[in-house]
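The values are calculated or read from the model by the stated rules, or taken from the named source; none is laboratory data. Predicted model only: the values in this text are computed from it and were never measured. Here the Cβ is made from the backbone with ideal geometry for all residues, glycine too, and neighbour counts use every protein chain on show. What goes into the accessible areas is simple: the full protein's heavy atoms, side chains included, and nothing from ligands, DNA or RNA. Shrake-Rupley method; radii C 1.70, N 1.55, O 1.52, S 1.80 Å.
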Amino acid sequence: MRKSVLICDDSSIARKQLAKTLPADWDIDVDYAQDGQEALDIIAKKKIDILFLDLNMPVKDGYQTLEELRGRGDMPHVLVVSGDVQPQAVQRVKDLGAIAFHKKPIQVDALRESLQSLGLMELGVHSVASARASVVDDFSFSECLQEVSNVAMGKAASVLADMLNVFVKLPVPTVNILEVSELQMALGYGSQDSRFSAISQGFVGAGVAFEALLIFNDTSFPDIAKLLNSSGEVDRDREVELLMEVSSVLVGPFMDALGKQMNIDFSFGHPALLGQNVKMANLIDVKRSTWKRTLTVEIVYEIENHNVSCDLLLLFTENSIPVLENLLSYLVED
C-alpha cells in the first residue's frame, strides 16, 4: 500500500539529502515542511504515515512538534534525523513517541535497514536510491555552510554533554558576511555593563583559513566551575583554566566533524586568551585590524538548568569563501 511521507527540516540541503536517501523502490508520496509548525499544519490537513523530523528548527522545533503529536490518534510514525546526537536527545525523542533516531547525514543502507526492521517497508526489496521529485534545487552557499555547521555543532555538544552530564540546548547556526562594525553589533547582547572572556584559536587547511572564538559571559563561570567539580575560589587564573577546558571540548570535536564533512585535515595553532572580564566592544577591538570583513558562523550553546551560555564564532577570511563554495558544492550535486 502506498504510504505518505513528510520530511521536516529547516535546511533545504538536509531535505534534499534525505529525499535522495529514500529507497527508490519504496512506494510513497513525499511532502516537505520547513519547521515543526508547518509539519503540524500539513498533518492536520492530510494523513501522513511517516514523518522524518529534525530537532533544531525555528518556529517550532522537533521536541515541541513531538509533544503536540503525542497522544493523537493520527500521529504518524516519527523517525528523528538530527545532528544533535546527545544521549539525552535520543532518549527524549523516544520518550515523546519517536520510533527511531538517526544521526545526520543518514546513509542509504542504514535507512533501508531501519525502515524494514520497523515494518515500514517490505523486506527483500532492493534497488539503488534516487532523488525524489519536488525538492527545491536552488541552494545558497550560506545554507550549505549552515548545514555542515549544524552537524558539527551536534557532535561538539554531545562531547560536552557527556563530560558534564548535562543537556546542551542547541540553536540553528547563523551564517553572515559582516563588516567588523556589524560584527560588534551582532555580538552586543546583554547590558552595556556585561563582561566577557574569550579564547581564540586559528585553523587552516586546503586554502581555508579562519579563527574560532569561544566567548563566555562572565556570569557563567560559577556554574561552569560546579559542573567541572572545581573546588575553591574561582579567581582570574581559574577562569582562564575553565575557559581552556571548555574550549578544548567544544572546539576540538566541532573542527574534527567540520573537517570530515569537507574532507579537510585542519592544522591549528595553540588557543590563546583574547580577553578577560572585558566589554564586548573591547574583544572586537583586539582583532579589528585583522578581521575587517569576515564570513561569520555563530552558534550559541546553552546548558539546560544552568546559567551557562557561550558563543562559538568561526571567522573565515574573505579569500576562503570561493574555496568553501567549491568544497561545499558536493552537498547539492545530484
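Annotation: of all residues in the range 205-216 being in a strand (DSSP E or B) and among the aliphatic types (A, V, I, L, M), the one that is most open to solvent (accessible area, probe 1.4 Å) is Ala209. If we keep just the residues of the range 24-42 that are in contact (Cβ under 8 Å) with a residue 40 or more places away in the chain and surrounded by 20 or more Cβ atoms within 10 Å (Cβ to Cβ), which is nearest to Cys144 (Cα to Cα)? Ranking the qualifying residues of the range 24-42, first place goes to Tyr32. Being among the hydrophobic types (A, V, I, L, M, F, W, C) and part of a loop (DSSP other than H, G, I, E, B) narrows it down to one residue among Leu18, Leu55, Leu40, Leu6; which is it? It is Leu55. The number of residues in the range 300-310 that are in contact with an Asp or Glu (Cβ under 6 Å, 6 or more places away or on another chain) and either at positive phi or open to solvent by less than 30 Å² (accessible area, probe 1.4 Å) (or both) comes to 1. Applying a threshold of 6 Å to beta carbon distances and a minimum spacing of six or more residues, or different chains, the list of pairs starting in the range 243-263 at a residue that is within 24 Å of Asn277 (Cα to Cα) and ending at one that is surrounded by fewer than 16 Cβ atoms within 10 Å (Cβ to Cβ) reads Val249/Met163. Residues of the range 43-52 that are surrounded by 21 or more Cβ atoms within 10 Å (Cβ to Cβ) and in a helix (DSSP H, G or I): Ile43 alone. Checked across the range 229-245, the condition of being in contact with a Ser or Thr (Cβ under 8 Å, 6 or more places away or on another chain) and under 30 Å from Asn326 (Cβ atoms) holds for no residue.
Considering the range 85-98, and only residues there that are aliphatic (A, V, I, L, M) and assigned to a helix (DSSP H, G or I), the residue that is most open to solvent (accessible area, probe 1.4 Å) turns out to be Val90. Among the conditions (1) out of contact with any helix residue (DSSP H, G or I) (no Cβ under 6 Å at 6 or more places or on another chain); (2) at pLDDT below 75, the only one that Ala129 does not satisfy is (1).
Residue-by-condition table, conditions (1) in contact with a strand residue (DSSP E or B) (Cβ under 9 Å, 6 or more places away or on another chain); (2) of a type in the set (A, V, I, L, M, F, W, C); (3) under 20 Å from Val148 (Cβ atoms); (4) modelled with pLDDT of 95 or more:
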| site | (1), (2), (3), (4) |
| --- | --- |
| Arg72 | no, no, no, no |
| Val78 | yes, yes, no, yes |
| Val90 | yes, yes, no, yes |
| Leu96 | yes, yes, no, yes |
| Pro105 | yes, no, yes, no |
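Only one of Thr219, Thr174 is open to solvent by 40 Å² or more (accessible area, probe 1.4 Å), β-branched (Val, Ile, Thr) and touching a helix residue (DSSP H, G or I) at 6+ places or on another chain (Cβ under 8 Å). Can you tell me which? Exactly one of Thr219, Thr174 is open to solvent by 40 Å² or more (accessible area, probe 1.4 Å), β-branched (Val, Ile, Thr) and touching a helix residue (DSSP H, G or I) at 6+ places or on another chain (Cβ under 8 Å), namely Thr174.
When the range 241-268 is filtered for residues that are under 22 Å from Ala206 (Cα atoms) and more than 24 Å from the chain's Cα centre (by Cα), nothing remains. Does the range 237-272 hold any residues that are out of contact with any Leu (no Cβ under 7 Å at 6 or more places or on another chain) and among the small types (Gly, Ala, Ser), and which are they? The answer is Ser248, Gly252, Ala257, Gly259, Ser267, Gly269, Ala272. Restricted to the range 74-84, and to residues that are of a type in the set (A, V, I, L, M, F, W, C) and crowded, with 19+ Cβ neighbours inside 10 Å, which residue is nearest to Tyr63 (Cα to Cα)? Top of the filtered list is Val80. If you go through the range 21-30 and keep only what is farther than 20 Å from Phe101 by Cα and assigned to a strand (DSSP E or B), you end up with Ile28, Asp29.
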